[in-house]
Amino acid sequence: MEFIEDLSTHRKSDQERAEILANPGFGDFFTDHTAVIDWAATAEDSTGTWSNARIEPYGPIAMDPAASVLHYGQEIFEGLKAYRHADGSVWTFRPHANAARLNRSAERLALPQLDEDVFVDSLRNLVRADVQWVPNGEGEALYLRPFMIATEAFLGVRAARNVSYRVIASPAGNYFGGELKPVGIWVSHNYARAGRGGTGSAKCGGNYAASLIAQLEAEQNGCKQVLFLDPFNNEAVEELGGMNVFFVMKSGKLVTPRLTGTILEGITRSSIIQLAQDRGLEVEERTITLGEWREGIANGDIAEVFACGTAAVITPIGVLKNGDELIGDPEAVAGAITMALRDELLGIQTGAVEDRHGWLERLV
């Protein structure tokens with residue numbers, strides 16, 4: 001599919017862009033363009049057709065007030081990064097895995113499938129148009145946000161027959177800001193991120209909307225993130241509001257909650273599993289409960305805990321706040337295995353470490 005370019009005549013000046021890139025934050029600023037593809041189907045042909053692939057100026061989306069996404073939340077999204085390597089080229093990490101997950105999410109939300117190569121081409125064309133926005137500071141990247149929304153103006157409850165796929169981009173620094181150090185996590189007992197048979201394994205906005213009240217509770221208790229449990233399975237650990245969780249046992253084995261349909265299958269999660277196995281470390285995907293976390297920290301069976309995701313990469317967890325109970329050490333330092341995996345993963349993404357698995361895709 002060929003992308004037609006309609007480039008902006010009101011791009012940020014070099015000075016404005018430099019000021020933004022000096023302190024990009026995360027998700028606060030956006031590049032000059034967006035990638036867009038339209039999809040339409042009919043009652044007779046629900047398979048539909050993708051058309052009108054284009055790069056256009058970044059700006060508001062004109063949408064009918066009756067658009068399905070506004071009433072029934074029929075939408076999905078992805079998140080990945082573009083990294084500038086030492087030679088000036090720009091690469092992204094495992095985009096076909098993101099494309100495959102987008103299609104799994106689309107199937108769950110009754111949205112159309114998008115060819116994986118078209119997905120990657122949408123990233124490539126957007127980054128090519130906005131390549132000057134890719135930062136080169138340590139730990140910085142251009143965050144890419146592909147998303148798909150139902151745009152048909154119709155209030156009946158059925159899958160929409162008009163859909164828009166889009167990609168926007170935002171220069172990004174450290175997700176938690178400042179120096180990397182272990183974060184505090186709040187345990188949510190009052191709220192769930194997703195339920196059995198629901199959309200937990202899909203990357204859709206409703207899951208994140210459901211997590212926000214718990215996230216506010218975490219922030220009110222001095223924590224950066226919230227941990228969700230399965231109250232019907234002995235308080236089994238599921239995931240954070242936007243990240244998967246790993247435990248490093250004293251033996252060096254890694255344990256992470258198994259995928260049950262309520263947990264998002266993270267691209268970073270699967271990459272860490274592979275890198276750990278490359279190092280000869282055993283990785284076990286199984287149920288791990290809050291009680292085991294508590295006891296493992298107390299008796300030393302659990303040596304390190306970390307969270308992972310595209311935005312934050314790998315972030316060490318220092319303490320778990322369970323009401324008035326503290327599990328772990330607020331003054332803990334990042335563990336050796338946590339940091340070794342983080343350094344290797346970041347090294348692959350930025351081109352400093354050999355990409356043994358062919359995970360990188362050049363965009364520019």
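The values are calculated or read from the model by the stated rules, or taken from the named source; none is laboratory data. Computed from a predicted model, the values in this text were never measured in an experiment. All Cβ positions, even for glycine, are placed from backbone atoms using ideal geometry, and neighbour counts span all protein chains on display. SASA here: full protein model, heavy atoms, side chains in, ligands and nucleic acids out. Shrake-Rupley method; radii C 1.70, N 1.55, O 1.52, S 1.80 Å.
Scanning region 126-136 for residues that are closer than 20 Å to Gln349 by Cα and surrounded by 22 or more Cβ atoms within 10 Å (Cβ to Cβ) returns Leu126, Val127, Asp130, Trp133, Val134. One residue stands out among those in region 176-207 that are in contact with a Gly (Cβ under 7 Å, 6 or more places away or on another chain) and hydroxyl-bearing (Ser, Thr, Tyr): the one that is farthest from Glu75 (Cα to Cα), which is Ser201.
Does at least one position in region 313-331 carry a residue that is more than 27 Å from Asn221 (Cα to Cα) and either among the small types (Gly, Ala, Ser) or outside any helix (DSSP H, G or I) (or both)? No, region 313-331 contains no residue that is more than 27 Å from Asn221 (Cα to Cα) and either among the small types (Gly, Ala, Ser) or outside any helix (DSSP H, G or I) (or both). The strands (runs of 3 or more DSSP E) located wholly in region 221-271 that include 1 or more residues which are open to solvent by 10 Å² or more (accessible area, probe 1.4 Å) and of a type in the set (A, V, I, L, M) occupy 225-230, 244-249.
Just one of the listed residues (Glu16, Glu2) is among the acidic types (Asp, Glu) and within 30 Å of Glu152 (Cα to Cα), namely Glu2. For region 305-364, a residue qualifies if it is of a type in the set (S, T, N, Q) and either in contact with a Cys (Cβ under 7 Å, 6 or more places away or on another chain) or open to solvent by less than 30 Å² (accessible area, probe 1.4 Å) (or both), and the qualifying residues are Thr315, Asn322, Thr338, Gln349. The set of residues in region 156-170 that are assigned to a strand (DSSP E or B) and among the basic types (Lys, Arg) contains only Arg166. Taken over region 57-102, the residue count meeting the criterion of being surrounded by fewer than 17 Cβ atoms within 10 Å (Cβ to Cβ) and either of a type in the set (D, E, K, R) or assigned to a helix (DSSP H, G or I) (or both) is 6.
Go through the residues of region 176-190 one by one and say whether even a single one is touching a strand residue (DSSP E or B) at 6+ places or on another chain (Cβ under 9 Å), among the aromatic types (Phe, Trp, Tyr) and in a strand (DSSP E or B). The answer is yes, given that some residue of region 176-190 is touching a strand residue (DSSP E or B) at 6+ places or on another chain (Cβ under 9 Å), among the aromatic types (Phe, Trp, Tyr) and in a strand (DSSP E or B). Would you confirm whether any residue within region 289-296 is surrounded by 14 or more Cβ atoms within 10 Å (Cβ to Cβ), in contact with a helix residue (DSSP H, G or I) (Cβ under 9 Å, 6 or more places away or on another chain) and not basic (Lys, Arg)? No: region 289-296 contains no residue that is surrounded by 14 or more Cβ atoms within 10 Å (Cβ to Cβ), in contact with a helix residue (DSSP H, G or I) (Cβ under 9 Å, 6 or more places away or on another chain) and not basic (Lys, Arg).
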